[in-house]
Amino acid sequence: MTSWVPVPDGSGFPLDHLPYCVFAAPGVPARVGVGVGDHVLDLSVALDDAVFGAPSLNPFMAQGPRRWRGVRSRIADLLAEPRPGDAVRAALVPRADVALRMPFEVADYVDFYASLDHATNVGRIFRPDDAPLKPNWRHLPVGYHGRAGTVVVSGTPIVRPLGQSRAPGDASPAFGPSRRLDVEAEVGFVVGTPSRLGHPVPVDDLAAHVFGVVLVNDWSARDIQAWEYVPLGPFLGKSFATSISPWVVPLVALDAAWTPPPARDPLPLPYLRGAADRGLDLTLEVRLNGHVVSHPPFATMYWTPAQQLAHMTVNGATVRTGDLFASGTVSGPDRAQRGSLLELTWNATEPLDLPDGATRTFLEDGDTVTISATAPGVGGARVSLGAVTGAIVPAVDAR
């Protein structure tokens, strides 16, 4: 598609991509826009629609798939017009001149454990004399409920968490800053259309409820987590912060990225089967202090987004506008495809060598982690899902 909007060659934001964001510009309050090339299109001005003047995508997402499709079609038409009106042209703002904000209000947050390679690695690390997978893992998408109030946008500093932990060989736990702070490279799915209480969402209804996709870093304090998680699972070792990317990629923009799921053994139960049980061919990149340390492949995930949504509602639980559910750590079969430092350093027994001569086992204060991703685009070009970045700052004195 040709357009009056300049889009550099190789841009991760081509004309048929159009990811959503919430942005603020000098003298302009936060509002909804879409990314195209090196610019953001201010939708409240371009479409003359008050719903996009809100500082959140929630009001628009709640309007449902028919409205989502109509708006996307209208945006494409405006960008394709050879001579746009003055108002539309004025609505195009250089991305360098805006600040990206939290794109939506998080209602609930659920995190899954959907990577076979990650779950196997973790099992081998912590249970070397036992089977790496628990008996339920191949039968259902394992997950936990996280804390919506600590989901933050990319760029938010991550304060090193405090908590209890017990070192191997110690008789009792100690309290203090986490010494095993980790990254988890994940992909998240944002719910637009709510469901009804008592009514499960079928696998094939993913697109009727999920608006789009974000990148997620579910920061983890491994020492706190290891001491607390038996018998009820993750709590303080996870709830201190979860970072998301500022760009919400509409599900429809990833039509070319769907891929068959991996083979399952045993066959999932009927409620976890359907035509929408598909993976996404996303390639993630994890950088630590600017150095690439991993390329996790999302296409290898054992449990797909549609199965995750079906499982978390099969008991009749609702989803609401703004709900976020994430994949869990994305890891592949090779060391260079592992999405956490726990795996990359095999629980600190194999330190990671960085190109600048530094080594890492877990994160140190001052470290910066950036997770980015690309996918095949509907127009043939590879598209960007943006990036999620966080820098570690020292713990706050609890005294």
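Quick look at the numbers
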read-out	value
Residue check, ALA114 at pLDDT 95 or above, assigned by TED's automatic domain parsing to the domain that holds PRO261 and either assigned to a loop (DSSP other than H, G, I, E, B) or touching a Pro at 6+ places or on another chain (Cβ under 6 Å) (or both)	yes
Selection count where residues are surrounded by 23 or more Cβ atoms within 10 Å (Cβ to Cβ) and touching a strand residue (DSSP E or B) at 6+ places or on another chain (Cβ under 7 Å), scope region 294-308	8
Candidates ASP129, ASP48, filtered to the one that is assigned by TED's automatic domain parsing to the domain that holds TRP247 and not in a helix (DSSP H, G or I)	ASP129
Among residues of region 79-102, those that are in a helix (DSSP H, G or I), within 21 Å of ALA54 (Cα to Cα) and either touching a helix residue (DSSP H, G or I) at 6+ places or on another chain (Cβ under 6 Å) or small (Gly, Ala, Ser) (or both), counted	3
Any hit, region 220-243, residues being crowded, with 17+ Cβ neighbours inside 10 Å and among the β-branched types (Val, Ile, Thr)	yes
Entirely in region 242-329, the strands (runs of 3 or more DSSP E) that have 2 or more residues that are in the same structural domain as SER115 (by TED's automatic domain parsing) and over 16 Å from VAL214 (Cα atoms)	283-288, 291-294
Within region 125-153, considering residues that are in contact with an Asp or Glu (Cβ under 8 Å, 6 or more places away or on another chain) and among the aliphatic types (A, V, I, L, M), the one surrounded by the most Cβ atoms within 10 Å (Cβ to Cβ)	ALA148
Any hit, region 68-75, residues being in contact (Cβ under 8 Å) with a residue 60 or more places away in the chain, assigned to a loop (DSSP other than H, G, I, E, B) and among the aromatic types (Phe, Trp, Tyr)	no
Number of the exception - LYS134 against (1) touching a residue at least 40 places away in the same chain (Cβ under 8 Å); (2) assigned by TED's automatic domain parsing to the domain that holds ALA326; (3) in a loop (DSSP other than H, G, I, E, B)	(1)
Residue among VAL98, VAL122 that alone is crowded, with 18+ Cβ neighbours inside 10 Å and more than 24 Å from VAL213 (Cα to Cα)	VAL122
Residues located in region 346-382, provided they are more than 23 Å from HIS118 (Cα to Cα), surrounded by fewer than 17 Cβ atoms within 10 Å (Cβ to Cβ) and among the aliphatic types (A, V, I, L, M)	ALA358, VAL378
Matching option when the condition is surrounded by fewer than 22 Cβ atoms within 10 Å (Cβ to Cβ) and touching a residue at least 24 places away in the same chain (Cβ under 8 Å), among ALA185, ALA207, ALA174	ALA207
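The values are calculated or read from the model by the stated rules, or taken from the named source; none is laboratory data. Keep in mind it's a predicted model, so treat the numbers as computed, not measured. When we count neighbours, we look across all protein chains shown, and the Cβ atoms used for this are built from the backbone with ideal geometry, even at glycine.
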